[in-house]
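These notes concern the structure reproduced below.
The values are calculated or read from the model by the stated rules, or taken from the named source; none is laboratory data. Small disclaimer: the values here were computed from a predicted structure and weren't measured. Here Cβ is always computed from backbone atoms with ideal geometry, including for glycine, and neighbour counts include all displayed protein chains.
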Ligand SMILES: *Cc1c(COP(=O)(O)O)cnc(C)c1O
């Protein structure tokens, strides 16, 4: 099959919900992808942060295929070893008490919202069900996680949305305090807003948030779907903020490219869900969990995590030398690139694809989230392509 055949079939048969770049990836190794014509692309997107170890990492492929030949799925009516092992590893690494596995970030957040509402209702009564989220946040594409997403552009077309969300601007302590009353059961935030434009939360604000939640017995939920699993240079982004929320949601990087989502619960929230309160047919699938265990094996390592920070510093330095780049934002290998007035990030990204670089956008910025184990040579190659794709 030629790439044009792929484009044609997609156009005819796949629902038109994505604005794809004209690249059909056939294979990949590390941070280098190949299309059907054998053309190579440096990967600065890692499938939106999912391919934490890049394309087809040897040990990861081995872990996944070994499990695939043992048993591919059992449903959650039965036990599997990878499921139990991944949960154990996640709790050991993070200090959390229990894990629930789903299949995606949206599903993890949906579960966290359910948990917070059940908690509020049981502790403070029926009226305690409101959840505060941030403006410019992104929490997923289900009706409820769209409602949680603090962007008007996502609150269209699909009425009625789930009730019970309030939005406050990031880094404004006063407006946060003003939004809290006895009906609030949870506050859900990203520490670095990814889709919303790669905006980082202030440390003081995060600590204020945690103190406020403790004082008022409100559950703090941190959406680490994008920031988690080493992306920002620590295993969890929360570590850099010195906060320990009641609930953390994970997804993207955790599966290394296979679909998984997770809700981490602390001692206060671990028993809120009881048998029958939540579930998923595929959640915590043994093949995906086997891949997840290998991701943790490689990422949860001091040398690996510090290499993420080193590469991030290097990337930012190189980016700032490019004409047309007026600023960088973000944390670790989650980088937003502001382009000069008159330049269009989407156009640049399209030009990059043409020239051999896969790169993301977030609002008006370019967004760079390479595999965490990208090599310095691949970074240099990618920067060179970006350099010649500015207009
Ligand atoms: C991507 C993302 C989600 C949604 O994850 P899906 O797996 O696409 O459902 C939720 N929250 C954040 C912060 C994300 O970046």
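Taking the range 64-113, which residues are crowded, with 16+ Cβ neighbours inside 10 Å, away from the ligand (no atom under 16 Å from the Cβ) and in a loop (DSSP other than H, G, I, E, B)?
Going through the range 64-113, the residues crowded, with 16+ Cβ neighbours inside 10 Å turn out to be 64, 67, 80, 82-83, 85-87, 89-91, 94, 96, 98-113.
With the extra rule that they be away from the ligand (no atom under 16 Å from the Cβ), the set shrinks to 64, 67, 80, 82-83, 85-87, 89-91, 94, 96, 98-99.
Listed by number, the residues that qualify are 80, 96.
Out of the residues in the range 305-340 that are loosely packed, with under 14 Cβ neighbours inside 10 Å and closer than 13 Å to residue 365 by Cβ, state the one that is nearest to the chain's Cα centre (by Cα).
Looking at the filtered set, the residue picked out is 327.
Among the residues in the range 9-18, are any surrounded by 11 or more Cβ atoms within 10 Å (Cβ to Cβ), assigned to a helix (DSSP H, G or I) and not assigned by TED's automatic domain parsing to the domain that holds residue 83? Full working, then the answer.
Residues of the range 9-18 surrounded by 11 or more Cβ atoms within 10 Å (Cβ to Cβ): 9-10.
Still in the running and assigned to a helix (DSSP H, G or I): 9-10.
From the residues that got through so far, the ones that are not assigned by TED's automatic domain parsing to the domain that holds residue 83 too are 9-10.
Within the range 9-18 (the criterion being surrounded by 11 or more Cβ atoms within 10 Å (Cβ to Cβ), assigned to a helix (DSSP H, G or I) and not assigned by TED's automatic domain parsing to the domain that holds residue 83), the answer is yes, since at least one residue qualifies.
Give all pairs with beta carbons closer than 6 Å in which a residue from the range 187-211 that is under 25 Å from residue 366 (Cα atoms) and outside the structural domain of residue 167 (by TED's automatic domain parsing) meets a residue that is within 16 Å of the ligand (Cβ to nearest atom) and part of a loop (DSSP other than H, G, I, E, B); count only pairs at least 6 apart in sequence or on separate chains.
Here the result reads none, with nothing in the range 187-211 linked to a residue that is within 16 Å of the ligand (Cβ to nearest atom) and part of a loop (DSSP other than H, G, I, E, B).
Hey, could you check the range 114-160 for residues that are part of a helix (DSSP H, G or I), free of Cβ contacts under 8 Å to residues at least 24 places away in the same chain and crowded, with 21+ Cβ neighbours inside 10 Å and say which is nearest to the ligand (Cβ to nearest atom)? Give the derivation first.
Quick first cut of the range 114-160, residues part of a helix (DSSP H, G or I) only: 114-124, 143-148, 152-154.
Checking which are free of Cβ contacts under 8 Å to residues at least 24 places away in the same chain leaves us with 143, 146-147, 152-154.
Next, from what is left, pick out any that are crowded, with 21+ Cβ neighbours inside 10 Å: 146-147.
On the way: 146: 11, 147: 13 Å.
Result: 146.
Tell me, yes or no, whether the range 30-45 has at least one residue that is within 16 Å of the ligand (Cβ to nearest atom) and either assigned by TED's automatic domain parsing to the domain that holds residue 232 or under 24 Å from the mean Cα position of the chain (by Cα) (or both).
To start, the set of residues in the range 30-45 that are within 16 Å of the ligand (Cβ to nearest atom) comprises 45.
Next cut, either assigned by TED's automatic domain parsing to the domain that holds residue 232 or under 24 Å from the mean Cα position of the chain (by Cα) (or both) only: 45.
Yes, there is a match, as at least one residue in the range 30-45 is within 16 Å of the ligand (Cβ to nearest atom) and either assigned by TED's automatic domain parsing to the domain that holds residue 232 or under 24 Å from the mean Cα position of the chain (by Cα) (or both).
Among the residues of the range 258-269, is there at least one that is assigned to a loop (DSSP other than H, G, I, E, B), over 17 Å from the mean Cα position of the chain (by Cα) and under 22 Å from residue 29 (Cβ atoms)? Step through it out loud before you land on a result.
In the first step, residues of the range 258-269 are kept if they are assigned to a loop (DSSP other than H, G, I, E, B); the result is 258-260, 266-269.
If we keep only those that are over 17 Å from the mean Cα position of the chain (by Cα) too, we end up with 266-269.
Right, trim to under 22 Å from residue 29 (Cβ atoms) and you get none.
The answer is no, given that none of the residues of the range 258-269 is assigned to a loop (DSSP other than H, G, I, E, B), over 17 Å from the mean Cα position of the chain (by Cα) and under 22 Å from residue 29 (Cβ atoms).
Answer yes or no: is there a residue in the range 271-282 that is outside any loop (DSSP other than H, G, I, E, B) and touching a helix residue (DSSP H, G or I) at 6+ places or on another chain (Cβ under 9 Å). Steps first, answer last, please.
Applying the first criterion (outside any loop (DSSP other than H, G, I, E, B)) to the range 271-282 yields none.
Checked the range 271-282: no residue is outside any loop (DSSP other than H, G, I, E, B) and touching a helix residue (DSSP H, G or I) at 6+ places or on another chain (Cβ under 9 Å).
I'm trying to understand the selection: among the residues of the range 31-47, which are within 22 Å of residue 255 (Cβ to Cβ) and in contact with a helix residue (DSSP H, G or I) (Cβ under 7 Å, 6 or more places away or on another chain)?
Answer for the range 31-47, where residues must be within 22 Å of residue 255 (Cβ to Cβ) and in contact with a helix residue (DSSP H, G or I) (Cβ under 7 Å, 6 or more places away or on another chain): 31, 32, 44.
Filter the range 26-55 for residues that are within 27 Å of residue 294 (Cα to Cα) and without any contact (Cβ under 8 Å) to a residue 24 or more places away in the chain and give the result.
26, 34
Test each condition in (1) over 23 Å from the mean Cα position of the chain (by Cα); (2) touching a residue at least 40 places away in the same chain (Cβ under 8 Å) for residue 364 and report the one that comes out false.
Checking residue 364 against (1) over 23 Å from the mean Cα position of the chain (by Cα); (2) touching a residue at least 40 places away in the same chain (Cβ under 8 Å), the one that fails is (1).
Given the criterion in a helix (DSSP H, G or I), crowded, with 24+ Cβ neighbours inside 10 Å and in contact (Cβ under 8 Å) with a residue 60 or more places away in the chain, identify the matching residue among 230, 253. Before you say what the answer is, go through the steps one by one.
Details: 230 fails: in a helix (DSSP H, G or I).
Going through 230, 253 in turn, just one is in a helix (DSSP H, G or I), crowded, with 24+ Cβ neighbours inside 10 Å and in contact (Cβ under 8 Å) with a residue 60 or more places away in the chain: 253.
Return the residues of the range 165-197 that are part of a loop (DSSP other than H, G, I, E, B) and either crowded, with 18+ Cβ neighbours inside 10 Å or within 15 Å of the ligand (Cβ to nearest atom) (or both); say none if nothing qualifies.
Just the residues of the range 165-197 that are part of a loop (DSSP other than H, G, I, E, B), to begin with: 169-172, 180-183, 190-191, 194-197.
Selection gives 170, 180, 190, 191, 194, 195, 196, 197.
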